[in-house]
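The values are calculated or read from the model by the stated rules, or taken from the named source; none is laboratory data. Values in this document were obtained by computation on a predicted structure and should not be read as measured data. All Cβ positions, glycine included, derive from the backbone under ideal geometry; neighbour counts span all protein chains shown.
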Amino acid sequence: MKFTESLLPITSNPFLLILLLLAAMYFARKPFHRAVHAFSLVLNNALRLFAASVRQAEKRLVERNREVLMAEGLENAERLVEREFDRINAAVVRDLKGYPALHRQMAEVATKLEEDHSASVEVPPSLPNWVTIIEAIANIKHTGDSMVSNMLGEIDKNLRAQHQSAIESYRLSSGKRHALLNRMIPLWRKVQKKLDEVGHSVTDLTERAKGIDHYMDEYQEIRAKTDKAARKLSSSSMTQFFISGLVLLIAIGGAIINFNLIALPMSEMVGGGSFIGPYKTSDVAGLVIILIELSMGLFLLESLRITRMFPVIGAMDDKMRMRMIWITLTLLTVLAGVESALAFMRDRIAADMEALRQTLAGVEQTLRATSKIPTIGQMIMGFILPFALAFVAIPLESFISSARTVLGVLAAGLLNTVAFLLRLAGNIIYYTGKFITSVYDLIIFPPLWLEGVITERPFKIREALDKVSKSRQQKKADRVTRQYEDQTQILESRK
Amino acid sequence: MKRIFSVICLIGLMITGCADSQSRTTGIYMLVDTSGTYALELKKAQSIINYLLGTLQPHDTLAVASIDTGSFSEKDIIAKVTFDQRPSVANNQKRAFQQTIDEFVTNVNSSPYTDISGGILQAIEYLNEVGSGQKYILIFSDLKEELAKGYVRDIPFQLSGFNVVALNVTKLRQDIRDPKKYLGRVDQWRLKVENGNGAWRVINDLERLEYIFKG
């Protein structure tokens, strides 16, 4: 029943009805305005409060995100610095371990070089002492005596022989010295090589030290919680998130292929007609095997300290960790072997089913392909895929750690949008209230107009009367002024 | 230790509680009309059975029975099997089943009467006994029931949870002259099945056998 129809018992005249309605609305105008205003204000305030609280939550979330980002950044920086220190430690240990041997070698080489050097010092061959005496005698001028002449000839001969012998001896000793010097060349080269090695190690250490300096600078920036560090970490997180997500998608593709490889033969083992919930038991069993392989891969990489998702494993002592590495690797290998066998079985079952289908369809059975390549290919895939899936742990860790930041940023964005929408809704409601009151006034404009006319008329009359009295007073004043001026003129003329 | 043991027990209970092999299996009871000239259509029935053998999964049930003078009897069951859980064994069962049907089709004798109702009653009894999750009764017949004297079949069917599918409902000579007879016959069976809370379908195009399992 319409509102106007409910008023029909009062009067059936529509004009009167409208008049009555207008009158009722006119009298209810102020309470209606107040009600609408109060209602819109209440909603507006409530929404603004809600928006403020959402914004507060967003602020807290942003702070928390920043904290998480910084904590992760710190952890990563620590990890990098730690790794560099480990490498330096390994290099120093390696080099220092070899240092005593190097020192000994160098000392030996130096001694040998010294000996050879001393041995190769050129000493001119000394002439016998009597050579000078004979030389002096040989220089005596003879007078032609044959005996003297013979003697001098003999002396000259001896001298020549002696000279020849000295030259021979000199050549021999020079040859020996050259041999010694030749022997020194590889020793020098050895020394050069060792020194190069030492130099390389020192340069390597210097480079690593520079790397550590760089990481330490980053670490300091993160510790200082600068905006630059936050921006860098956030962008790095986003990149990590998308890259690891992509790799995970690829891994999921691999897992699906793996699943299809083992689901059918699993029905031969656990039965093809039983279900767990809405899923076939064989499918669930296949999935469980793949998940176990993934877990083993996870534990293996965790034990190798490549990933750090389980601090308990990372904190184990090295002996225990090595045990865990061997256990997980063995289990993974066994599972890979099982999968390989299942892949072989799958090939057989598929062939049997195909044969049955052909029989049922009444088609003459085609000869089976004798090539074993597909079977071997499936078996190899069955063996390799578990190991390939084991490495999923690395992108998974990156994905999880970066997802915290990315989800945090998304949640903050969502809260920001919600806060904006709440404020917008509050304002819309407030101004809608105003609009409603205006429309209400528009509907009842006849009584409002009348009210205006009635309330404004006395005011206008009063205004008109005021105007009249003012003009009368003005006229009176003008007349008095004029009379005064006239009298003044008369008086002046009399004077 | 106790806690670990209780968790393991709980997981075990959950798994064994969830494992339901019966409710998801399919049970099919196919009635093959061997009366009069319809016996000539048995080759088509054979291809339908082959289709079913190719479609059914391990742990499903298939039974094929002939419709003759008194079909409410286990003797009319030509072959029945509940497939093994292992696909390789199930494949062998399917081969054996196919062979039995082939032999039946080769040596079938035409029956003078057509007791469809008795066959349906036998199918209901069998499938209820097997306890399949989805129950199908396939009637490969022209749906013209002819009972021998003294056979009473005015028993209402209890077909709740059953899908009754009429296959290859051929038109008889009098149907071609007066289609109302054909429509009336099909409608009469539809009413009978639906009154027993069963679902009724007719598939005449044997190229679309997948509609058997599409409710």
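Descriptive notes on the structure:
- Taken together, B:Gln158, B:Gln134, B:Gln122 contain a single residue that is surrounded by fewer than 20 Cβ atoms within 10 Å (Cβ to Cβ) and in contact with a Ser or Thr (Cβ under 8 Å, 6 or more places away or on another chain), which is B:Gln134.
- Filter pass, B:Gly54 being more than 21 Å from A:Gly271 (Cβ to Cβ) and either in a loop (DSSP other than H, G, I, E, B) or within 14 Å of chain A (Cβ to nearest Cβ) (or both): no
- Count of residues meeting criterion [within 14 Å of chain B (Cβ to nearest Cβ), surrounded by 17 or more Cβ atoms within 10 Å (Cβ to Cβ) and more than 21 Å from A:Gln378 (Cα to Cα)] in the stretch A:328-363: 3
- Filter result (in contact (Cβ under 8 Å) with a residue 60 or more places away in the chain and either of a type in the set (Val, Ile, Thr) or in contact with a Cys (Cβ under 8 Å, 6 or more places away or on another chain) (or both)) within the stretch B:139-164: B:Ile139
- Residue count, the stretch B:157-183 (criterion: part of a helix (DSSP H, G or I) and of a type outside the set (D, E, K, R)): 5
- Meets criteria (under 60 Å from the mean Cα position of the chain (by Cα) and either closer than 30 Å to A:Ala119 by Cα or not assigned by TED's automatic domain parsing to the domain that holds A:Lys112 (or both)) for A:Leu181: no
- Pair list, Cβ < 6 Å and 6+ apart or interchain, from the stretch A:269-284 residues that are at the interface with chain B (Cβ under 7 Å from one of its Cβ atoms) and among the β-branched types (Val, Ile, Thr) to residues that are outside any helix (DSSP H, G or I) and surrounded by 20 or more Cβ atoms within 10 Å (Cβ to Cβ): A:Thr281/A:Ser274
- Residue match in the stretch B:33-40 (condition: within 14 Å of chain A (Cβ to nearest Cβ), of a type outside the set (S, T, N, Q), free of Cβ contacts under 8 Å to residues at least 40 places away in the same chain and within 20 Å of B:Glu207 (Cβ to Cβ)): no
- B:Val89 being touching a residue at least 60 places away in the same chain (Cβ under 8 Å), outside any strand (DSSP E or B), closer than 23 Å to A:Gly362 by Cα and of a type in the set (A, V, I, L, M, F, W, C): no
- Residues that are without any contact (Cβ under 8 Å) to a residue 12 or more places away in the chain and crowded, with 18+ Cβ neighbours inside 10 Å within the stretch A:216-255 comprise just one, A:Glu221.
- Taken together, A:Ala263, A:Ala251 contain a single residue that is more than 25 Å from the chain's Cα centre (by Cα), assigned to a helix (DSSP H, G or I) and either within 13 Å of chain B (Cβ to nearest Cβ) or at pLDDT 90 or above (or both), which is A:Ala263.
- Qualifying helices (runs of 4 or more DSSP H) (wholly inside the stretch A:274-383; at least 2 residues being under 30 Å from B:Asn50 (Cα atoms)): A:281-303, A:318-361
- Long-range neighbours under 7 Å by Cβ, at least six apart or interchain, first residue within 16 Å of A:Lys228 (Cα to Cα) within the stretch A:69-82, second of a type in the set (Lys, Arg): A:Met70/A:Lys225; A:Leu74/A:Arg223
- Subset of the stretch B:65-84 (residues that are crowded, with 18+ Cβ neighbours inside 10 Å, more than 14 Å from chain A (Cβ to nearest Cβ), of a type outside the set (S, T, N, Q) and closer than 18 Å to B:Ile48 by Cβ): B:Ala65, B:Ile67, B:Asp76, B:Ile78, B:Ala79
- When the stretch B:92-113 is filtered for residues that are free of Cβ contacts under 8 Å to residues at least 60 places away in the same chain, of a type outside the set (A, V, I, L, M) and either within 14 Å of chain A (Cβ to nearest Cβ) or surrounded by 17 or more Cβ atoms within 10 Å (Cβ to Cβ) (or both), the ones remaining, listed by number, are B:Asn92, B:Gln93, B:Lys94, B:Arg95, B:Phe97, B:Gln98, B:Gln99, B:Thr100, B:Asp102, B:Phe104.
- Residue within the stretch A:314-327 that is more than 24 Å from A:Arg79 (Cα to Cα), outside the structural domain of A:Arg83 (by TED's automatic domain parsing) and surrounded by 14 or more Cβ atoms within 10 Å (Cβ to Cβ) present: yes
- Selection status of B:Lys44, more than 9 Å from chain A (Cβ to nearest Cβ), among the basic types (Lys, Arg) and not in a strand (DSSP E or B): yes
- Sole residue being in a helix (DSSP H, G or I) and within 30 Å of A:Ala71 (Cβ to Cβ), chosen from A:Arg171, A:Arg183, A:Arg208, A:Arg160: A:Arg208
Rundown of residues vs (1) at pLDDT 85 or above; (2) over 18 Å from the mean Cα position of the chain (by Cα); (3) exposed (fewer than 12 other Cβ atoms within 10 Å of the Cβ), yes/no style:
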position: B:Ile176; (1), (2), (3): no, yes, yes
position: B:Asp187; (1), (2), (3): yes, yes, no
position: B:Glu194; (1), (2), (3): yes, no, no
position: B:Asn197; (1), (2), (3): yes, no, no
position: B:Val202; (1), (2), (3): yes, no, no
position: B:Glu210; (1), (2), (3): yes, no, yes
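- Of the residues examined, A:Ser303 is not one that is surrounded by fewer than 17 Cβ atoms within 10 Å (Cβ to Cβ) and among the hydroxyl-bearing types (Ser, Thr, Tyr).
Per-residue answers, yes or no, for (1) of a type outside the set (Gly, Ala, Ser); (2) under 20 Å from A:Glu72 (Cβ atoms):
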| position | (1), (2) |
| --- | --- |
| A:Lys194 | yes, no |
| A:Asp204 | yes, no |
| A:Gly211 | no, no |
| A:Glu221 | yes, yes |
| A:Lys228 | yes, yes |
| A:Arg231 | yes, yes |
| A:Leu248 | yes, yes |
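- Sole residue being surrounded by fewer than 11 Cβ atoms within 10 Å (Cβ to Cβ), part of a helix (DSSP H, G or I) and modelled with pLDDT under 90, chosen from A:Arg404, A:Arg462: A:Arg462
- Residue list for the stretch A:24-67, filter: basic (Lys, Arg) and surrounded by 12 or more Cβ atoms within 10 Å (Cβ to Cβ): A:Arg29, A:Arg48, A:Arg55, A:Lys59, A:Arg60, A:Arg64, A:Arg66
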